[in-house]
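The values are calculated or read from the model by the stated rules, or taken from the named source; none is laboratory data. Just so you know, these numbers come straight off a predicted model, no measurement behind them. No Cβ is skipped: glycine too gets one built from the backbone with ideal geometry, and neighbour counts run over all protein chains shown.
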Amino acid sequence: MMKQLSVFVENKPGAMRAMTKILAENGIDLRALSLAETGDFGIARIIVNNVYDAVTVLKDAGYVHSLTPVLGVVIPDTPGGLNNVLEILADSEINVEYMYAFLGGKNIGSAYMIFRVENISAATAALAAGGIKTVDQDEISKL
């Protein structure tokens, strides 16, 4: 399991830069990012190398944020790789609330995705039974 930070950022020029600058100045490396706008604010969903430090510096800088458990999945970088993962989850009646991809890592021939599902344990077990590898926070920190 991994922890995702959801950070509320004003929907105005330079707001994302200000948030990422704080992270950069504190040595926090982004591993994945998804941005969704909701009118006056956006929600930046981020995976970082050091969750504790990121939470601390964002809190100190006045950012409203929350932590969400998510599932990191190594997906074969082949046609149908994502479809296979989604098929395993659907067959196990596990709903995907949202997902996003990220690059990096040492698994040549693989892609990485973050999945928000209600039951991470059930999803992890179903994927393992289907031969799909998941990654945890420690592994992400080392990418």
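Results, tabulated for the structure shown:
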{"item": "So LEU58, is it closer than 21 Å to SER121 by Cα and modelled with pLDDT of 95 or more", "result": "no"}
{"item": "One residue from SER121, SER110, SER92 being touching a Lys or Arg at 6+ places or on another chain (Cβ under 9 Å), farther than 26 Å from GLY27 by Cα and without any contact (Cβ under 8 Å) to a residue 40 or more places away in the chain", "result": "SER110"}
{"item": "Filtered residues of the range 1-48 (kept if touching a strand residue (DSSP E or B) at 6+ places or on another chain (Cβ under 6 Å) and assigned to a loop (DSSP other than H, G, I, E, B))", "result": "MET1, ASN11, ILE28"}
{"item": "Positions within the range 109-143 being part of a strand (DSSP E or B), of a type in the set (Val, Ile, Thr) and touching a Ser or Thr at 6+ places or on another chain (Cβ under 9 Å), in sequence order", "result": "ILE114, THR134"}
{"item": "Counted residues, the range 50-85 - those being crowded, with 19+ Cβ neighbours inside 10 Å, out of contact with any Asp or Glu (no Cβ under 9 Å at 6 or more places or on another chain) and of a type in the set (Gly, Ala, Ser)", "result": "1"}
{"item": "Single match in ILE43, ILE88 (criterion: surrounded by 12 or more Cβ atoms within 10 Å (Cβ to Cβ), under 25 Å from ALA111 (Cβ atoms) and either modelled with pLDDT of 95 or more or of a type in the set (Asp, Glu) (or both))", "result": "ILE88"}
{"item": "Residues satisfying the stated conditions in the range 82-93, i.e. closer than 22 Å to ARG45 by Cβ and either in contact with a Leu (Cβ under 9 Å, 6 or more places away or on another chain) or not aliphatic (A, V, I, L, M) (or both)", "result": "VAL85, LEU89"}
{"item": "ASP29 vs. criteria under 17 Å from the mean Cα position of the chain (by Cα) and of a type in the set (D, E, K, R)", "result": "yes"}
